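Participant: Right, I'll just put the structure down here and ask away after.
The values are calculated or read from the model by the stated rules, or taken from the named source; none is laboratory data. All figures in this text were calculated on a predicted structure; none of them were measured in a lab. Note that we place each Cβ from the backbone using ideal geometry, even for glycine, and neighbour counts take in every protein chain shown. Only protein heavy atoms, including side chains, enter the accessible area calculation; ligands, DNA and RNA are left aside. Shrake-Rupley method; radii C 1.70, N 1.55, O 1.52, S 1.80 Å.
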Amino acid sequence: MRTDQHTILLIEDNPGDVRLVQESLRSKDLKYALQHCETVDDAIRAVTKYRTGDGEIPDLILLDYNLPGGEAVSVIQAAAANPALAGTRKAVITSSVSPRDRQDALRAGADCFIYKPTDLDSFLSEVGNAILKLLSEPSKQKAMSTA
């Protein structure tokens, strides 16, 4: 993982939530390049195009659970099937409090399930802290490949 700038693929259909995620990244002084998709189809196309050695491989895939055209699980499964993304962290960020949604996302390969807080200060703090933690800890696949 690069320490100067992180590449994040954000899959989110709500422009307000895109801005909130960006603000949470800024609030933590993270330097980042953001790639953005709004639908499941666009996201699946994005995650299947990455190839090993590609300089654009994201450090983190951050996605809403409910998206136009389906759910995050389909995107996570497509990302997990791409060997180039084996070391990329995957996190669902959602307002869903359904234990089944959480279970399904984690079973599909998400590293964590982040609940979107309803107030601005909590959103910036909690989401920013969760992203910082994801970017600072090596993924299980990275840890296994360096062991």
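Participant: Modelled label-to-label distance, Glu126 and Ser27, 7 Å Cα→beta-carbon offset: nm?
Facilitator: Using points 7 Å along Cα→Cβ, the separation is 1.1 nm.
Participant: Cut-off 10 angstrom, C-alpha nodes, Gaussian network model of the chain. Which of Val97, Val40, Val75 fluctuates the most?
Facilitator: Ranking Val97, Val40, Val75 by mean-square fluctuation puts Val97 first.
Participant: Let me ask something additional. Quickly work out the Leu34-to-Gln103 label distance, labels modelled 7 Å from Cα along the C-beta direction, and quote it in nm with one decimal.
Facilitator: A separation of 3.4 nm, rounded to one decimal place.
Participant: Can I ask one more? HN-Hα J couplings of segment 48-60 from phi, Karplus 6.51/-1.76/1.60, θ = phi - 60°, integer Hz, Gly and Pro as x?
Facilitator: 7, 7, 5, 10, 4, x, 5, x, 9, 4, x, 7, 8
Participant: Considering amide H positions built from the backbone, and no H for Pro or chain starts, which residues 5 or more places from Tyr65, or on another chain, come under 5 Å of its amide H?
Facilitator: Ile93, Ser95
Participant: Per residue, what accessible area does the chain have, given a 1.4 Å probe and all protein chains present, in Å²? Intermediate results must be reported in sequence, preceding the final value.
Facilitator: Numbers: 7570 Å² over 147 residues.
Dividing the accessible area of the chain by its residue count gives 51 Å².
Participant: Please list, in order along segment 120-125, the HN-Hα scalar couplings obtained from phi with the Karplus expression 6.51 cos²θ - 1.76 cosθ + 1.60 (θ = phi - 60°), rounded to whole Hz, x for Gly and Pro.
Facilitator: Result, ordered by residue: 4, 4, 5, 4, 4, 6 Hz.
Participant: If amide hydrogens are placed 1.01 Å from N in the peptide plane, which non-local residues have theirs closer than 5 Å to the one on His36?
Facilitator: The list, which skips near neighbours in sequence, is Leu10.
Participant: Let me ask something additional. Relative contact order for the chain: what percent, with Cα pairs under 8 Å and sequence separation of 6 or more?
Facilitator: On the way: 241 pairs, mean separation 36.6, N = 147.
So the answer I get is 25 percent.
Participant: Sticking with this one: Where both partners of a DSSP beta bridge lie in the chain, what percent of those bridges are antiparallel, to the nearest 5?
Facilitator: Numbers: 2 of 20 bridges.
Of those bridges, close to 10 percent are antiparallel.
Participant: Quick one: what are the phi-derived ³J(HN,Hα) couplings along segment 86-98, Karplus 6.51/-1.76/1.60 with θ = phi - 60°, whole Hz, x for glycine and proline?
Facilitator: 4, x, 8, 6, 10, 9, 8, 10, 7, 8, 5, 10, 6
Participant: State the number of lysine pairs found in the chain whose Cα atoms come within less than 22 Å, restricting to pairs 8 or more positions apart or on distinct chains.
Facilitator: Lysine pair count for the chain: 15.
Participant: Taking amide H positions as placed in the peptide plane 1.01 Å from N, state which residues far from His6 in sequence (5 or more) or on other chains have amide H under 5 Å from it.
Facilitator: Result for His6 returns Lys31, Tyr32, Ala33.
Participant: Still on this model: Could you tell me which of Ala72, Gly53, Val40 has its Cα farthest along the dipole of segment 9-108 towards the positive end, charges placed at Cβ (Lys, Arg +1; Asp, Glu -1), taken about the Cα centre?
Facilitator: Gly53
Participant: Which value, in debye to the nearest 20, describes the size of the charge dipole of the chain about its Cα centre when Lys and Arg Cβ atoms bear +1, Asp and Glu Cβ atoms bear -1, and nothing else is charged? Mind dumping the intermediate values first?
Facilitator: Values: 17 positive and 21 negative charges, 115 e Å.
That gives the chain a dipole magnitude of about 560 debye.
Participant: Accessible area of the chain with a 1.4 Å probe: how many percent of it is carbon plus sulfur? Let's see the in-between values first.
Facilitator: Values: 3730 of 7570 Å².
About 49 percent, which is the carbon plus sulfur part of the accessible surface.
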